[in-house]
Amino acid sequence: MFDSVRDDLRATLDEIRAAGLHKPERVIGTPQSATVAVTAGGRPGEVLNFCANNYLGLADHPDVVAAAHRALDRWGYGMASVRFICGTQEVHKELESRLSAFLGQEDTILYSSCFDANGGVFETLLGPEDAVISDALNHASIIDGIRLSKARRFRYANRDMADLERQLKEAAGSRRTLIVTDGVFSMDGYVAPLREICDLADRYGAMVMVDDSHAVGFVGPGGRGTPELHGVMDRVDIITGTLGKALGGASGGYVAARAEIVALLRQRSRPYLFSNTLAPVIAAASLTVLDLLESADDLRVRLAENTALFRRRMAEEGFDILPGDHAIAPVMIGDASRAGRLAELLLERGVYVIGFSYPVVPQGQARIRVQLSAAHSTEDVHRAVDAFVAARTELDGETAGVSGATADGVDGAGGARAEVSGGASGGASDGSGGASGGASDGSGGVSEASGGARAGLGG
């Protein structure tokens with residue numbers, strides 16, 4: 001039986017490679033940091049890391065590492081249990097309490113990942129008589145979580161408040177209505193307009209949920225994320241997030257919310273009830289991360305300075321970089337194969353970045369997502385920009401050579417190439433998430449017009 005399945009799977013894998021969409025996993029031989037050891041051009045060596053979610057540089061911070069060592073001695077390695085049996089230690093409750101205080105919420109519940117956190121909210125809180133209204137470019141974990149619920153499903157164009165209001169009107173009469181959005185959209189670096197979202201939620205009697213994975217720790221005056229940035233910390237009902245990005249970069253997720261919401265999640269959220277609890281060493285080290293965040297203004301300032309420098313220099317060099325001031329700085333390429341090749345050339349020059357293409361981003365909008373860190377030096381940022389310029393020059397030469405050797409001017413990778421500085425040429429009409437989805441029939445969940453499994457690395 002499997003012989004026929006094997007042939008089908010191999011054919012699918014061949015198609016992925018032929019389309020230039022294969023995603024190799026490079027093996028790192030050092031701790032996560034601004035500089036890591038990988039193999040580039042067949043040679044092992046250290047490279048600058050511009051593709052990690054290590055926004056504050058805490059993944060290898062000596063205080064965090066020391067806290068993890070102490071926690072192993074104090075709490076052991078693992079719990080071998082779910083929370084409601086024998087998987088709750090003092091350190092888990094302390095972390096939940098500290099996260100609640102930091103985020104300005106009444107209570108917090110820990111999950112083994114933010115994917116699980118998003119997967120456990122909707123089915124627990126919403127039934128067939130309820131409605132969920134989701135931004136078209138929300139993370140894949142939100143899309144998948146909504147699919148698990150029986151609520152009526154609506155979708156609004158990315159950050160389009162007029163469309164959100166139309167969907168709220170369509171959802172009128174629902175028992176409960178929940179608006180859900182990413183705080184920062186992981187492939188674009190765009191920030192959700194939370195004040196306007198909360199205003200509409202108040203007007204139409206809806207709750208608001210924010211996945212703030214790419215914001216908590218460094219966005220907002222105190223690093224408390226997009227609700228703090230927009231002054232709506234007391235108006236957001238549910239915040240989901242991760243310990244795997246700015247908060248030390250390990251693993252684990254959480255839901256911080258109204259007390260009654262968290263209490264119900266503890267009783268009925270399936271990823272919480274049927275998954276092992278967060279390892280105690282991560283919980284304990286995360287407490288040290290929260291200690292560091294209380295005095296991390298210097299790290300947040302350095303991250304902002306690095307981000308501004310990179311964005312300014314790339315624009316000066318003629319690259320098409322999406323506007324904004326977030327540490328996610330997408331360099332728009334357009335063609336998927338070209339984006340992948342540019343990333344290879346950058347790695348050969350000692351700069352580690354990743355090219356993203358469909359289905360992670362819409363068709364025709366391939367890009368290199370650069371992620372700045374407070375751990376980068378000014379010299380690191382300049383070196384990265386210089387590498388982009390040199391790699392573009394080499395790639396343009398390769399493209400010109402191939403074009404000259406083919407009669408029709410189409411290169412061997414299968415299509416006319418977009419200039420590196422030319423940006424995304426249009427994008428897919430059905431892939432940008434711009435069109436309003438309205439209510440689904442319940443069979444397909446939130447529309448996949450946003451690019452299917454659109455997700456940032458690490459959730």
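Which pairs do you get when a residue that is at negative phi, found in the stretch 293-305, comes within reach of a residue that is at pLDDT 95 or above and of a type in the set (S, T, N, Q), reach meaning Cβ atoms under 7 angstrom, with the pair 6+ apart or on two chains?
Matching pairs, first to second residue: LEU303/SER373.
Considering (1) within 21 Å of ARG302 (Cβ to Cβ); (2) part of a strand (DSSP E or B), say which one ARG367 fails and leave the rest.
All conditions pass for ARG367, except number (1).
Evaluate the stretch 159-176: report whether one residue or more is among the acidic types (Asp, Glu), more than 21 Å from ILE328 (Cα to Cα) and surrounded by 19 or more Cβ atoms within 10 Å (Cβ to Cβ).
Within the stretch 159-176, one or more residues are among the acidic types (Asp, Glu), more than 21 Å from ILE328 (Cα to Cα) and surrounded by 19 or more Cβ atoms within 10 Å (Cβ to Cβ).
Being surrounded by 21 or more Cβ atoms within 10 Å (Cβ to Cβ) and either of a type in the set (D, E, K, R) or out of contact with any Lys or Arg (no Cβ under 6 Å at 6 or more places or on another chain) (or both) is the filter here, so list the residues in the stretch 365-379 that pass it.
GLN365, ALA366, ARG367, ILE368, ARG369, VAL370, GLN371, LEU372, SER373, ALA375, HIS376 - these are the residues of the stretch 365-379 that are surrounded by 21 or more Cβ atoms within 10 Å (Cβ to Cβ) and either of a type in the set (D, E, K, R) or out of contact with any Lys or Arg (no Cβ under 6 Å at 6 or more places or on another chain) (or both).
Which one of PHE84, PHE122 is in the same structural domain as THR277 (by the TED database), of a type outside the set (D, E, K, R) and over 29 Å from TYR190 (Cα atoms)?
PHE84
Which condition from (1) crowded, with 19+ Cβ neighbours inside 10 Å; (2) part of a helix (DSSP H, G or I) is the one that ALA59 breaks?
Here ALA59 meets the rest and fails (2).
Show me the helices (runs of 4 or more DSSP H) found entirely inside the stretch 211-289 where at least 2 residues are closer than 15 Å to VAL184 by Cβ.
Answer list for the stretch 211-289: 226-229.
Only one of (1) surrounded by fewer than 20 Cβ atoms within 10 Å (Cβ to Cβ); (2) touching a Cys at 6+ places or on another chain (Cβ under 6 Å); (3) of a type in the set (Gly, Ala, Ser) fails for SER213. Which number is that?
All conditions pass for SER213, except number (1).
Which residues, taken from the stretch 217-244, are crowded, with 24+ Cβ neighbours inside 10 Å, out of contact with any Asp or Glu (no Cβ under 8 Å at 6 or more places or on another chain) and closer than 20 Å to GLY120 by Cα?
Across the stretch 217-244, the qualifying residues are VAL236, THR242, LEU243.
Taking only pairs six or more apart or across chains, which ones have beta-carbon atoms under 7 Å, a first residue in the stretch 223-235 that is over 12 Å from GLN105 (Cα atoms), and a second residue that is of a type in the set (Asp, Glu)?
Once the first residue is over 12 Å from GLN105 (Cα atoms) and sits in the stretch 223-235, its partners that are of a type in the set (Asp, Glu) give GLY225/ASP212; THR226/ASP212.
The values are calculated or read from the model by the stated rules, or taken from the named source; none is laboratory data. Bear in mind the structure is a predicted one, so any value in this text is a computation, not a measurement. FYI the Cβ positions are ideal-geometry reconstructions off the backbone, even for glycines, and counts take in every protein chain you see.
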